[in-house]
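Worksheet: one structure, shown below.
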Amino acid sequence: MGTGNYSGSGGTYANTSFTATITPQYSTSKIYMIITIGVYLICDGNVVVYRNGSSASPSLFDSYRSIASGDYMNDMPPYTATWMDSPGTTSQLTYSIWARATGCAQSPVFIGSSSDFTSSWTLMEIAQ
């Protein structure tokens with residue numbers, strides 16, 4: 001995926017344009033992913049994986065910071081999460097990272113916003 005920039009704000013999930021594709025050989029296969037990404041979340045927010053435009057994963061990265069602390073920037077440089085999907089298809093799958101900010105009047109979320117935040121996404125088919 002490499003270094004990239006995304007910033008958005010608002011309480012709803014937005015596509016960060018970080019994507020990865022895979023075409024399973026078997027419909028019973030599972031897709032195992034290792035996602036490493038640097039994230040800045042102002043106050044609260046989270047990051048999830050969408051499959052073909054629909055929400056697929058639980059929250060992979062969560063950030064909750066007390067507004068009263070006066071320290072609103074929550075820096076998560078680079079964080080790695082793993083997740084296993086069961087898509088049930090042999091069609092091409094496009095996975096994408098979606099993010100949202102939920103606190104501090106929906107302040108921005110930044111993903112891969114500097115050279116220190118090189119991201120990677122590994123997809124592996126596990127045949128069943």
Practice task
Please identify the pairs in which a residue from segment 87-110 that is under 13 Å from residue 45 (Cβ atoms) and open to solvent by less than 10 Å² (accessible area, probe 1.4 Å) has its Cβ atom under 7 Å from the Cβ atom of a residue that is modelled with pLDDT of 85 or more and aliphatic (A, V, I, L, M), counting only partners at least 6 apart or on another chain.
Solution key: 97/49
Completion exercise
residue 115 fails exactly one of (1) over 17 Å from residue 18 (Cβ atoms); (2) modelled with pLDDT under 70; (3) among the hydroxyl-bearing types (Ser, Thr, Tyr); (4) surrounded by fewer than 18 Cβ atoms within 10 Å (Cβ to Cβ), namely (1)
Handout entry: Selection from segment 14-34 of residues that are among the aromatic types (Phe, Trp, Tyr) and surrounded by fewer than 17 Cβ atoms within 10 Å (Cβ to Cβ)
Key = 26, 32
Fill in the blank from the handout: Result of the Cβ filter at 8 Å on segment 6-27, keeping first residues that are at pLDDT 80 or above and partners that are open to solvent by 30 Å² or more (accessible area, probe 1.4 Å) and of a type in the set (Asp, Glu), at least 6 apart or interchain, is 22/125; 24/125; 25/125; 26/125
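The values are calculated or read from the model by the stated rules, or taken from the named source; none is laboratory data. The shown structure was predicted, so the numbers you read here are calculated from the model rather than taken from an experiment. Here the Cβ is made from the backbone with ideal geometry for all residues, glycine too, and neighbour counts use every protein chain on show. In case anyone asks, the SASA skips ligands and DNA or RNA and just uses the protein heavy atoms, side chains included. Shrake-Rupley method; radii C 1.70, N 1.55, O 1.52, S 1.80 Å.
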